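The values are calculated or read from the model by the stated rules, or taken from the named source; none is laboratory data. The shown structure was predicted, so the numbers you read here are calculated from the model rather than taken from an experiment. Because the Cβ atoms are built from the backbone with ideal geometry, glycine has one as well, and the counts that use them run over all protein chains shown. Areas reflect the complete protein model, heavy atoms only, side chains present, ligands, DNA and RNA absent. Shrake-Rupley method; radii C 1.70, N 1.55, O 1.52, S 1.80 Å.
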Amino acid sequence: NPVGPDLTLLPLTISGLQAYFSSQDLASMDDGDLVTQWDDLSHHKNHLIQYDYNDTTYDAPEYNAAENSVLFKRSPEAITTDMLWFGSGIQVREYTCFFVMKMTADTALHFHHLLRDWGDTDFISLFYTGDSVNNKLTLKVAAESGASSTLSQNYLYPTDYGYIPEDVKVLFTVRKKKYNHDIGYGQVEYYNNKTSIATHNGQDTNILQTFDILGDPDKFTGFKGHMYELAIYDKALTDEQVENLQDYFMDRTNINV
C-alpha cells in the first residue's frame, strides 16, 4: 500500500500546503553528501532537485551533519552557486512561507535570494548593504506579469526591533495577502521568529507569482547558509495558524528567544 503524508507533522494538517521540506528527513546522509533531491513531504511530491538541463548542471547544496541542515554555498566559497529547483513551479497570488535558516555573512555581497522564478522577476529576498556603521537590511517581495509588476520593499536597521541577523538560526516568515477592495490594498508582512518586523501595504495588484528555484543561479546573489525547514502555502494563513506553525518550527529546530 502507498504511504500517505505523515499527519503527525503539523504543516501537513493545514490546508493550502504546496510543499514542505525538512532537513531532518536527510539525517541518514553523510556529512558533505550532495543533496541532489530534497523530498517534498506534502502530498504534491514536488521535490526540489538538482538542475541539469541542456548540458548545464548547476551545483547542488550539501548535507551538513553538524547542523543537520542543507548547506548552500556561493562565492567566495564556491566558483558557482548552489541551488535546487522544483520539478513543477509553484504559482500563487497569495501565500505564507516559512523558512528556518541561518544566513552566512561574507565580505562580498550580503544578498540572499530565497525563492525566485527563472526570469528573476518574482522573488523573496533579503539584502544587507554591508555598511559597517548603518548596516541596512532590505526585505523584498516582487512579482511581474507582462506589463504589470509589483514590489514590496521594507528597510530595517540593527536597532529595529526584530532585525534579522546573519549567522544566527532564525525562523523567517513571509505572508502575502491579496488585494482587498474594501481597504484598497494588499499586504506583505515579514516576521523574525514570532515578531512581526515589517509590513508593506502597497500591493495594488494580484499578479500570479511563480517560485521555480530555492536559491539562485547567480554566484553572488544566491542564498548562502543553512536551510533547515521550508513550507509554502498558497494562501495567507490566519494569525492563529501562523502563530501555531511558528511555535512548531521553532520547537522542532531548537530556536529559543
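Measuring between alpha carbons in the structure, the pairs from Lys178/Lys224; Lys140/Lys235; Lys136/Lys235; Lys178/Lys219; Lys136/Lys194 lying more than 25 angstrom apart are Lys178/Lys224; Lys136/Lys235; Lys178/Lys219. Annotation for the range 13-91: trypsin sites (Lys or Arg not before Pro) lying in DSSP loop with at most 15 further Cβ atoms inside 10 Å of their Cβ are Lys45.
With contacts taken as Cα pairs under 8 Å and at least 6 residues apart, the chain reaches a relative contact order of 25 percent.
Run the paramagnetic zone check for Ser148: 7 angstrom along Cα to Cβ, then residues of the range 186-205 with backbone nitrogen under 17 Å. Residues 186-188, 202-205 fall inside that zone. Each label was represented as a point 7 Å from its Cα along the Cα-to-Cβ direction; for Asp160 and Val257 these points are 1.4 nm apart. 3J(HN,Hα) along the range 167-180, derived from phi through the Karplus expression 6.51 cos²θ - 1.76 cosθ + 1.60 where θ = phi - 60°, amounts to 6, 9, 5, 9, 9, 10, 10, 10, 10, 10, 9, 5, 4, 10 Hz, with x in place of Gly and Pro.
Applying a DSSP loop filter and a limit of 15 other Cβ atoms within 10 Å to the chymotrypsin sites (Phe, Trp or Tyr not before Pro) in the range 90-122 leaves Trp118.
Checking every one of the GluC sites (Glu not before Pro) in the range 26-126 against DSSP loop status and a limit of 10 other Cβ atoms within 10 Å picks out no site at all.
For the range 194-242, the dipole from Cβ point charges (+1 on Lys and Arg, -1 on Asp and Glu) about the Cα centre works out to 180 debye, to the nearest 20. Of the peptides 175-183, 83-91, the order by per-residue mean of other Cβ atoms within 10 Å, starting with the highest, comes out as 83-91, 175-183. Across the options Gly222, Gly202, Tyr248, the greatest Cα extent toward the positive end of the charge dipole of the range 190-253 (unit charges at beta carbon of Lys, Arg, Asp, Glu) belongs to Gly222. Against the empirical curve 2.2 N^0.38 Å, the C-alpha radius of gyration of the range 139-199 lands at a ratio of 1.29. Extension gain for the segment Ala78 to Glu240, taken as residue separation times 0.36 nm less the Cα-Cα distance, is 54.2 nm to one decimal. The helix-based estimate of mean residue ellipticity at 222 nm for the chain, built from -39,500 (n - 2.57) per DSSP H run of four or more residues and divided by its residue count, is -2000 deg cm²/dmol to the nearest 500.
If a/c stays under 1.5 just call it rounded; otherwise compare a/b with b/c (prolate if a/b is bigger, oblate if not). Do that for the chain, with a ≥ b ≥ c from the square roots of the Cα gyration tensor eigenvalues. Note, shape of the chain comes out rounded.
In plain terms, the bigger the Kirkwood radius, the slower the diffusion; for the range 146-257, with that radius from Cα pairs, at 20 °C and 1.002 mPa s, Stokes-Einstein puts D at 134 µm²/s. Please label the shape of the range 207-257 as rounded, prolate or oblate, based on the square roots a ≥ b ≥ c of the eigenvalues of the alpha-carbon gyration tensor (a/c under 1.5 means rounded; beyond that, a/b larger than b/c means prolate, else oblate). Oblate shape, in that a/c is at least 1.5 and b/c is the bigger or equal ratio.
Taking only protein heavy atoms and a 1.4 Å probe, the accessible area of the chain is 44% carbon and sulfur.
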